[in-house]
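The values are calculated or read from the model by the stated rules, or taken from the named source; none is laboratory data. These numbers were taken from a predicted model, which means no experiment stands behind them. Cβ placement follows ideal geometry from the backbone for every residue including glycine, while neighbour counts extend to all protein chains displayed. With ligands, DNA and RNA removed, areas are computed over all heavy atoms of the protein, side chains included. Shrake-Rupley method; radii C 1.70, N 1.55, O 1.52, S 1.80 Å.
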Amino acid sequence: MQCYLCGSKKYFRREGKVRDNPAIDILECESCGLVFLSEQHTSDVFYTQGGMHNQQKVYELAQRTDFINDMYKFNRARLEFVLDSIIGKDIVDFGSGYGGFLIQAKPFAKSVLGIELESQVKPVYESHGIPLASSLEEVLSKTSYGGVGWGNMTS
């Protein structure tokens with residue numbers, strides 16, 4: 001097993017449990033700090049065609065209309081947890097969904113970038129001026145992404 005971001009084989013097990021499967025370990029790369037899971041049971045097709053962010057029926061039943069505002073407190077708690085370490089930094093959020101965390105982090109970070117497979121969230125990113133990619137490979141293949149030299153990262 002190796003880090004998905006930098007390829008390092010040096011990682012350690014973090015405290016905590018995966019909500020859907022407590023047998024899966026939470027790992028952190030010693031080289032780049034990426035937190036990732038020891039196992040993955042889904043494919044890219046599941047995420048691109050799964051309709052995870054198509055919440056229209058759920059919203060009708062729950063009488064909700066705005067996923068970003070519904071998740072505001074959750075994303076605010078995430079931001080407060082990492083705020084001191086992201087000020088003035090380039091932030092990449094993998095599986096960024098509707099971008100609620102990035103919207104809140106943007107004023108504090110040097111730059112933000114979302115990586116999300118589902119293309120239906122693209123209008124949200126455009127309206128907030130946040131670059132969106134569908135894969136890390138897409139980001140690495142460009143010399144600049146959203147004004148930031150993300151292509152200088154190594155895979």
Asp84 at pLDDT 90 or above, outside any loop (DSSP other than H, G, I, E, B) and open to solvent by 80 Å² or more (accessible area, probe 1.4 Å) | yes
Going through region 126-155 one residue at a time, which ones are out of contact with any Phe, Trp or Tyr (no Cβ under 8 Å at 6 or more places or on another chain), at pLDDT 90 or above and buried (at least 18 other Cβ atoms within 10 Å of the Cβ)?
-> Ile130
Could you please give the count of residues in region 103-125 that are under 16 Å from Asn75 (Cβ atoms), among the aliphatic types (A, V, I, L, M) and open to solvent by 20 Å² or more (accessible area, probe 1.4 Å)?
-> 2
Filtering region 87-102 down to residues that are without any contact (Cβ under 8 Å) to a residue 60 or more places away in the chain and in contact with a Lys or Arg (Cβ under 6 Å, 6 or more places away or on another chain), which residue is surrounded by the fewest Cβ atoms within 10 Å (Cβ to Cβ)?
-> Gly88
Within region 30-41, track down each residue that is part of a loop (DSSP other than H, G, I, E, B) and either open to solvent by 50 Å² or more (accessible area, probe 1.4 Å) or not hydrophobic (A, V, I, L, M, F, W, C) (or both).
-> Glu30, Ser31, Cys32, Gly33, Ser38, Glu39, Gln40, His41
Restricting attention to region 2-29, which residues are at pLDDT 90 or above and surrounded by 13 or more Cβ atoms within 10 Å (Cβ to Cβ)?
-> Ser8, Tyr11, Ile24, Asp25, Ile26, Leu27, Glu28, Cys29
